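Just so it is clear, none of the values below were taken in a lab; they were calculated from the coordinates. Because the structure is predicted, anything quoted here is derived from the model rather than measured. Cβ placement follows ideal geometry from the backbone for every residue including glycine, while neighbour counts extend to all protein chains displayed.
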């Protein structure tokens, strides 16, 4: 049963989503048109002053990463406004800087309070880091279910070096960031409900659906490598 779900659940989910979109095409169209117009407006502003808006978004990403803000929204927004490659570079570097600043803040300013408040979680993470080093952190970064903000904070209470934290954060979050930046980029191309039925958009929906399974497989491979 589990093998069936792993193999076919993403395809079933996409089929149901496409059927629902097609069924409710009429009611959804006004909101979709408004969303497309909003994205186009932001794109025109960015085309007029690209460095200004990219810099503003970059520093906003750093600040929001230090708060419990969904990173998915940042990636989708970057893809929709700045296109894939500029958006991917902006979000990846900015969120890595923000995560690093948050980790250092937790390590040097709030370690005592955090240890008292989250001692049990910290001990488990500390034990994993002590045993497997950066591979343990990379495994956490590749797991979508693990909260990004919590890992940033609690990592400051471990012995993980700054260099290892930066590298594992950058590399570990890059795949998921690329997926959602790509989704945002395709979102900007959707003007009508029928545009969702294009091959590129359907491929991105499929990738979004199967990414948790791919990430879980990669995390298992890393844990297996650590055990050997």
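A compact table of results
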quantity	calculated
Spin-label model distance (nm) - residue 47 vs residue 69, 7 Å beyond Cα toward Cβ	2.7
Stokes-Einstein D in µm²/s, Kirkwood radius over Cα pairs - the stretch 40-106 at 20 °C with 1.002 mPa s viscosity	178
Gain on full stretching of the segment that runs from residue 124 to residue 214 - 0.36 nm per residue minus C-alpha separation	29.9 nm
